[in-house]
There are 2 protein chains.
Amino acid sequence: MNAPDKLQQLLTLTREPFPQSSKVYVPGAQPGVQVPMREIALTNGETVTVYDTSGPYTDPAADINIRQGLGPVRSQWVAARGDTEHYEGRARMALDDGGKHGDVADARIEALRAEAAGLQRQPLRAKAGANVTQMHYARRGIVTPEMEYIAIRENGKREWMREYLGDAEREARLRGNAMGARIPDVITPEFVRDEVARGRAVIPANINHPEVEPMIIGRNFLVKINANIGNSAVTSSIEEEVEKLVWSIRWGGDTVMDLSTGKNIHTTRDWIIRNSPVPIGTVPIYQALEKVGGVAEDLTWEIFRDTLIEQAEQGVDYFTIHAGVRLPFIHLTTQRRTGIVSRGGSILAKWCITHHKENFLYTHFDEICEIMKAYDVTFSLGDGLRPGSAADANDEAQFAELKTLGELTQIAWKHDVQTMIEGPGHVPMHMIQANMDEQLRHCHEAPFYTLGPLTIDIAPGYDHIASAIGAAMIGWMGTAMLCYVTPKEHLGLPDRDDVKQGIIAYKIAAHAADVAKGHPGQRARDDAMSKARFEFRWRDQFALGLDPQTAEAYHDETLPKDSSKEAHFCSMCGPKFCSMKITQDVRDYAAAKGLSEEQALTEGMAQKSAEFKSVGGEFYVPLDSLKNKG
Amino acid sequence: MNAPDKLQQLLTLTREPFPQSSKVYVPGAQPGVQVPMREIALTNGETVTVYDTSGPYTDPAADINIRQGLGPVRSQWVAARGDTEHYEGRARMALDDGGKHGDVADARIEALRAEAAGLQRQPLRAKAGANVTQMHYARRGIVTPEMEYIAIRENGKREWMREYLGDAEREARLRGNAMGARIPDVITPEFVRDEVARGRAVIPANINHPEVEPMIIGRNFLVKINANIGNSAVTSSIEEEVEKLVWSIRWGGDTVMDLSTGKNIHTTRDWIIRNSPVPIGTVPIYQALEKVGGVAEDLTWEIFRDTLIEQAEQGVDYFTIHAGVRLPFIHLTTQRRTGIVSRGGSILAKWCITHHKENFLYTHFDEICEIMKAYDVTFSLGDGLRPGSAADANDEAQFAELKTLGELTQIAWKHDVQTMIEGPGHVPMHMIQANMDEQLRHCHEAPFYTLGPLTIDIAPGYDHIASAIGAAMIGWMGTAMLCYVTPKEHLGLPDRDDVKQGIIAYKIAAHAADVAKGHPGQRARDDAMSKARFEFRWRDQFALGLDPQTAEAYHDETLPKDSSKEAHFCSMCGPKFCSMKITQDVRDYAAAKGLSEEQALTEGMAQKSAEFKSVGGEFYVPLDSLKNKG
């Protein structure tokens, strides 16, 4: 099989719907609001509906041509607001794709661009004096279609969840501990608006990325995860780059960061954004550094500014901006075990000390805000001084920068620019709460977006696990989005399977956080799984899992026959030792006597009252005092 | 390659020392106390010493013949106490190996026994009236060689750790939060004795298991992990069974439970125990059930008692005993989502309701204690009513049983029998603390030994991760031992790689807990790793990791050449973007000017004092208030 064929096959594979699943669209009140969800049809007739990040790719009815891009679901909403205008846009340069200055005719770049001609769009920007951010609308009391879309999406189908959970005792016992979050029972469009207006949530949605299915990041919403992708050393085709994206969102990436460096990154970005239903984030300093040949000290505000506009015109939804790496903080890192480990942070540190000047991102922060609000690009204020080891966790450098990020948040908010705050990194478990507390204190509840954190340093090859522990905890404590870590962290570039492993580990962390916080109904899918387990509905167990194929493959390693999928036992204990089966026997026994099990037992006990009298008083002591104190 | 050859090769592989590692033995004051540790020689001349569970297998100097068993390191200590006697022992029965009653001549069983003739030992028991438990000695003020051994083992080589960590600011910042544990700076033999005397720690060490390298389980010691193994459907050879054990301890299993069922389990157990340097636990009800043909209601106290003696004579170090599954609690499980999920729990529940009688393990608990103290078998009081789903977490049935386990602990302690308490299972994050609190409250600080807990139910295929999150948290909160969960949980039987994946995930959880609790020096290995990262000592990074081979293989996927192992960059960012390199450049820049970096920066800043004046006052505010509040 030659390479293009193989890619085409991969892309077909990633478009395959999940087992027993179909895409449904829930309409909103505003025109064009059609919110996609995944419906899982169980073998017992029940239906489970889950949040779906995979976009049109898993909808067999969707006609997708990746050389034309996805349908622009938001275009009419953006246009209807009447505050934007098409314009010529910045002139393209060979430099944008890593060509040399004046080197417009690089044949390879031209060929790649030509291949993607169908993906070119004329950019939009705010009309003079206008501000097109979702925060700006929110603060003026406007509930945008994006906000309504998000409200429907966050609620999911609460009807089935409520029905499913049902039991009052159980719900009271399992009630979550929101750790200070204020999660309403139902997410209304107005609630979304209010959270965005307060800055407590962001909707990353560049007006030049109309293909995005709106989503929200904030502590009172479901915990989100981000997956990172990057271009290959030799970018071979649109298919290859788009396939990485589709693969990431298939497994649950809520946003994707394109961390490409080197050649062809402008063109690759066109391919990714035009085909992405999830927000795309970038770190613009990477491309700016390419433009100055990799020499940090040659960076200038002008080159950086030009790069921001270039990427904003393409439709990037959020920018990591390391404006908190201030000159006076750099010496605080010299006694560290691992110095500065953020790429962007180290580039800016080098620039600062070479020139003995304050970070130009800090000194030009107001001008950056002007660009952000003309396209509605969201800030992801980078933690360039985050710890790169447990040894450096929560140190003076880290918290000095965090405090600065809080100050910058206030400036961004003056411009009505949406803002989130990046966080570590490497933090032992007992120091995680302090990270959340300090972030809330200094950054005024702007959404926290952390990388892990890794709880230990001695697990290379397994850092997705070492960090999923920290991620679940900090997610519970209030972090709004978790940036994944793959098994290759600290070792090499993740391949396709590493990306999947990282995403699944982070879906686990995020869901564990949602359940612990008590997001209404989020436990229902777990409950449906448990019921399927008790009733030996194997196919339903696979379908309800985060990775149905792997679950089924593991099951089949021991019991491959189709008949085993209906068997009332499994390979772990076998039929004789099956506790679930024995429990059912207990229930059947009671039923055969025409009694509830409790009655049957009580009756049995009554017959033997003398025997039980000595202890009887003890058993029915109300155990309320023992229950969930969480 | 034929099967025996392949097994022989596997066994050779598992005996291979870890890279850059050698076994060292630290002597104690009492005769025969030689505590094994693993010493990792780094390429920069430093030496890192780590806790080593792998036994003599990773010592190339050890002469091991698995048909004769390991050397009996404890024999002289047991003999010296003068309170035991050899005796004929229980007569063997075909039933012990799953043969039919009277079926002594089963040819296959005989063949297997013959193969292991070199592993037969005459059993020891306490002399009439004697009590040979470590708790009994501890309460009489005796510091046994086992206790001294453990003190040395738990301390490790604190000298290098202290030297390594050094920096006072860092140590103050990272000081752990012991969550109520009282961890001394140095573990003395007397401290070990005192903890065992109080029942706060156990030393599972049957007098018939002299091969064991003593270890301790308790909240004031390092967090331990258990791995489960079981016999194959068709047990083919001693090599196969022993290899599973050796594989488990290689990756860090502190104890191993043999959960074999079916045929040949008595003989297999001989093979395992005689070759095991770690304590072996079992669930005797499994074998008892085999003896009554799998019919739970046919179980009797006499058959169970006989099985306890059979296994105690073989040298099993701890028994899971489900004495808390009381008749009056069973109806509390009927409204559960997943009923009773413990195999032992469901067997006993069925027995109880069929006979309308109280659990015979509960009614005969004192007699069980008499057996335990004659061999020093430790109780692991089973949680037969543990939740099998998040929906059932922390319910009345679970906590009623827990309270009973606390009462039984008091009875066991009257007999000076060592006791630990098993715990769940499935618990969402926000309900974990309540589990620990209730256990501490009702079980008087007897060590807690939990299975996970799994924090969510929707991750079949990845339950090692879903549960490592819960395990790390409950380990930090005070759980003394974590029973691993493999990726195959809920799906099938773990294979060799699943066992490894489960163990590594749990080593991560346990180490994360140790670091968070602030066990003195436990961070040092992480710190050594971080230093190796900053200095691009790739080989040292691999050697310091939990799984050196995997780390190296991942690294080599992108940069396979040997020269890359010395490269001052890696594949993730490449040389141009390397933050570590840039940080070094910063330091070099300062050095070239003959200044410390801080001075260089300060000087630079002084030159630009006017520029910085406006903000200067802010930077040197002491940030103590921001630091670790953990």
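The values are calculated or read from the model by the stated rules, or taken from the named source; none is laboratory data. Note that the structure is predicted; figures quoted are calculated from it, not measured. Note that we place each Cβ from the backbone using ideal geometry, even for glycine, and neighbour counts take in every protein chain shown. Protein only, heavy atoms only, side chains kept; ligands, DNA and RNA dropped before computing areas. Shrake-Rupley method; radii C 1.70, N 1.55, O 1.52, S 1.80 Å.
General observations
- Every pair of residues 6+ apart whose Cβ atoms lie under 6 Å, when the first sits in segment A:66-78 and is of a type in the set (Lys, Arg) while the second is at pLDDT 95 or above: A:74/A:210
- Applying the criterion of being part of a loop (DSSP other than H, G, I, E, B) and in contact with a strand residue (DSSP E or B) (Cβ under 9 Å, 6 or more places away or on another chain) to the residues of segment A:354-383, the residue that is farthest from the other protein chains (Cβ to nearest Cβ) is A:376.
- Enumerated strands (runs of 3 or more DSSP E) restricted to segment B:195-306, each holding at least 1 residues that are closer than 30 Å to residue B:492 by Cβ and of a type in the set (Ser, Thr, Tyr): B:255-258, B:280-282
- Scan of segment B:3-18 for residues that are of a type outside the set (Ser, Thr, Tyr) and buried (at least 17 other Cβ atoms within 10 Å of the Cβ), ordered by number: B:7, B:10, B:11, B:15, B:18
- The one condition in (1) over 24 Å from residue A:75 (Cα atoms); (2) of a type outside the set (Ser, Thr, Tyr); (3) at pLDDT 95 or above that residue A:168 fails to fulfil: (3)
- Filter result for the condition that a residue is touching a helix residue (DSSP H, G or I) at 6+ places or on another chain (Cβ under 7 Å) and over 30 Å from residue A:159 (Cα atoms), over A:43, A:58, A:49, A:84: A:84
- Within segment B:511-564, if we keep just the residues that are closer than 21 Å to residue B:14 by Cβ and small (Gly, Ala, Ser), the residue that is most open to solvent (accessible area, probe 1.4 Å) turns out to be B:553.
- The residues on offer are A:252, A:230, and the sole one that is open to solvent by 10 Å² or more (accessible area, probe 1.4 Å) and of a type in the set (Gly, Ala, Ser) is A:230.
- Of the listed requirements (1) open to solvent by less than 10 Å² (accessible area, probe 1.4 Å); (2) on the phi < 0 side of the Ramachandran plot, residue A:315 misses just one: (2).
- Residues within segment B:189-207 that are of a type outside the set (Asp, Glu) and surrounded by 24 or more Cβ atoms within 10 Å (Cβ to Cβ), tallied: 11
- Residue in segment A:300-316 that is within 14 Å of chain B (Cβ to nearest Cβ) and under 28 Å from residue A:206 (Cα atoms) present: no
- Residue among A:179, A:135, A:147, A:93 that is hydrophobic (A, V, I, L, M, F, W, C) and farther than 30 Å from residue A:200 by Cβ: A:93
- Residue match in segment B:409-428 (condition: out of contact with any strand residue (DSSP E or B) (no Cβ under 8 Å at 6 or more places or on another chain) and within 9 Å of another protein chain (Cβ to nearest Cβ)): yes
- Residues being at the interface with chain B (Cβ under 7 Å from one of its Cβ atoms) and either open to solvent by 10 Å² or more (accessible area, probe 1.4 Å) or not in a helix (DSSP H, G or I) (or both) - total across segment A:466-485: 1
- If you go through segment A:330-349 and pick out every residue that is open to solvent by 10 Å² or more (accessible area, probe 1.4 Å) and more than 7 Å from every other protein chain (Cβ to nearest Cβ), you end up with 3.
- Taking segment B:123-170 and the helices (runs of 4 or more DSSP H) fully enclosed by it, the elements with 1 or more residues that are among the acidic types (Asp, Glu) are at B:145-155, B:158-165.
- Enumeration of residues in segment A:515-525 that are assigned to a helix (DSSP H, G or I) and within 9 Å of another protein chain (Cβ to nearest Cβ): A:515, A:516, A:517, A:525
- Some residue of segment A:493-502 being within 7 Å of chain B (Cβ to nearest Cβ) and either within 20 Å of residue A:216 (Cα to Cα) or buried (at least 24 other Cβ atoms within 10 Å of the Cβ) (or both): no
- Contact map, segment B:436-465: first residue facing chain A (nearest Cβ under 7 Å) and of a type in the set (A, V, I, L, M, F, W, C), second residue in a strand (DSSP E or B) and open to solvent by 10 Å² or more (accessible area, probe 1.4 Å), Cβ cut-off under 9 Å, separation 6 or more or different chains; pairs are B:456/B:426.
- Matching residues in segment A:211-227 - criterion: being open to solvent by less than 10 Å² (accessible area, probe 1.4 Å) and not β-branched (Val, Ile, Thr): A:211, A:214, A:215, A:218, A:220, A:221, A:224, A:226, A:227
- Checking each residue in segment B:256-268 for being at pLDDT 95 or above and touching a helix residue (DSSP H, G or I) at 6+ places or on another chain (Cβ under 9 Å) picks out B:256, B:258.
- Flag set for residue B:360, criterion: in contact (Cβ under 8 Å) with a residue 40 or more places away in the chain and over 17 Å from residue B:312 (Cα atoms).
- Residues of segment B:412-449 satisfying the condition of being within 22 Å of residue B:279 (Cβ to Cβ), part of a helix (DSSP H, G or I) and open to solvent by 10 Å² or more (accessible area, probe 1.4 Å): B:413
- Test: residue B:142 is out of contact with any strand residue (DSSP E or B) (no Cβ under 6 Å at 6 or more places or on another chain), closer than 22 Å to residue B:440 by Cα and either surrounded by fewer than 21 Cβ atoms within 10 Å (Cβ to Cβ) or not β-branched (Val, Ile, Thr) (or both): no
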